[in-house]
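Working notes, structure below.
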Amino acid sequence: VAAVLALSGCGGSSSASSSPAENPYGLIEPGSLRVASLGDSKPYTFTDAQGKFTGFDVELFTDVAARAGVDNVVFTGQDFSGLLAAVANGQFDAGVAAIGITDKRKETVDFSDGYLAGYLTVITTKSSGINNADGLSGKRLGVVQGTLQEAYAVKNFTSASLVRFPDNNTAVSAVNSGSVDAHFLDYEAAKSYQEQFGLVSAADIPSFDAPAGFAVAKGKTALKEALNKGLAEAMEDGTWKKLYEKWFPGSPMPEQYLPKAEQTATP
Ligand SMILES: NC(=O)CC[C@H](NC[C@@]1(O)OC[C@@H](O)[C@@H](O)[C@@H]1O)C(=O)O
C-alpha cells in the first residue's frame, strides 16, 4: 500500500515527499518561495495598479531569493497582526514587510540580518493642532495591531487613547474621516500617505535598534543563511543602494548597508 500511496503522491504535503537535496530550504513548494506581505505600506511593500506586489522590501527580497537560487517568489497580503504567526505555523516560507527585528518577535520566528533602519512617524491633518508627541495628549491615535508603533505608543504615549486597526488603509481613512486624530506608522509609508491626502507629520521616532529583517520559521537555518548570504552580496555590490535610491529618493541613507568601500571609517 505504501508503494501505491507514494506513487500516487498522496503521501502528505509536497515538501514532505521531496528529498532534502531537492528542497534544501524546506520550502512549502520546492522551487518557490511563499511570502506573507502587506499591500498598503508603500513604498516598502504594496500592490501596484495591476495588483502586483512591489516596493523596496519586495524587490530586495526578490533579488536576494534569486541569489539563493529561487526565482519564483509569490507574495500574499496578510494583516500585520497575524503575519508572524502565519510564518511560524508554516503557512508561508517568509514574512517581508518592514518587520523590525526584536527579541519578543524572535520568540515566534527567526530573522535574517537587518536590511533597513529608520523612523516611526505620527501623521495627522493640518487642522488637528498636533505638532509633536506631547500634542497627542487626550487625542485618539491610530496604530496597526502588532506593530512596534503599537508597543511604543502603549509605553510612551500614555495620555493618548489608542485605536487599533488591522492595516494602514483603514487607519488613514479614519484620520481623514476624523474618527481618529492621528496615525502612527513607518516613516516612508507616512510620507506616501501625506502626499496622497495632504496630511502632515507630527513626530519622527528613531527605530534604529530594530532594523527590518526577513522573518522565517524557527529552525529554517539553511533558508536563513541563504538569505543572509544574498543580502550581504546585494549590499556589497550596490544593489541595496540602487533600490534605496529608487524607492526612498532624498531620504537619509543608513551607511551600514552600503558597499564597504563607501562606508566612512567609524570615528
Ligand atoms: N509593515 C509594518 O506595518 C511594520 C511596522 C513596523 N516597522 C518598523 C521598522 O521595521 O520599519 C523599517 C525601519 O524603519 C525599521 O527601523 C523599523 O523598526 C514594525 O516592524 O512593527
**Request:** Would you calculate a helix-derived [θ] at 222 nm for the chain, using -39,500 (n - 2.57) for each DSSP H run of n ≥ 4 and dividing by the full residue count, to the nearest 500?
**Result:** -9500 deg cm²/dmol
**Prompt:** Once you put a point 7 Å from the Cα of E195 and another 7 Å from the Cα of K106, both along the Cβ direction, what distance in nm separates them?
**Reply:** 3.5 nm
**Message:** Among P166, P249, P43, which one shows the highest mean-square fluctuation when the chain is modelled as a Gaussian network with alpha-carbon springs under 10 Å?
**Reply:** P249
**Message:** Going through the cross-link list K155/K220; K191/K241; K191/K218, which pairs have a Cα-Cα distance over 30 Å in this structure?
**Reply:** K155/K220; K191/K218
**Fill in**
Note, K191: beta-carbon cut-off 13 Å, +1 each Lys/Arg, -1 each Asp/Glu, net -3
**Prompt:** Taking Cα pairs under 8 Å and at least six residues apart, what relative contact order does the chain come out at, in percent?
**Reply:** 24 percent
**Prompt:** Per residue, what accessible area does the chain have, given a 1.4 Å probe and all protein chains present, in Å²?
**Reply:** 47 Å²
**Message:** Considering only protein heavy atoms and a probe of 1.4 Å, how much of the accessible area of the chain is carbon and sulfur, as a whole percent?
**Reply:** 53 percent
**Cα gyration tensor shape for region 199-267, rounded if a/c is under 1.5, else prolate or oblate** = oblate
**Message:** From Cα pairs below 8 angstrom and at least 6 apart in sequence, can you work out the relative contact order of region 108-216, rounded to a whole percent?
**Reply:** 49 percent
**Request:** Calculate the all-directions average of the projected area of the chain's alpha-carbon convex hull, and give it in nm².
**Result:** 16.7 nm²
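The values are calculated or read from the model by the stated rules, or taken from the named source; none is laboratory data. Being a predicted model, the structure only gives us computed values, none of them experimental. When we count neighbours, we look across all protein chains shown, and the Cβ atoms used for this are built from the backbone with ideal geometry, even at glycine. What goes into the accessible areas is simple: the full protein's heavy atoms, side chains included, and nothing from ligands, DNA or RNA. Shrake-Rupley method; radii C 1.70, N 1.55, O 1.52, S 1.80 Å.
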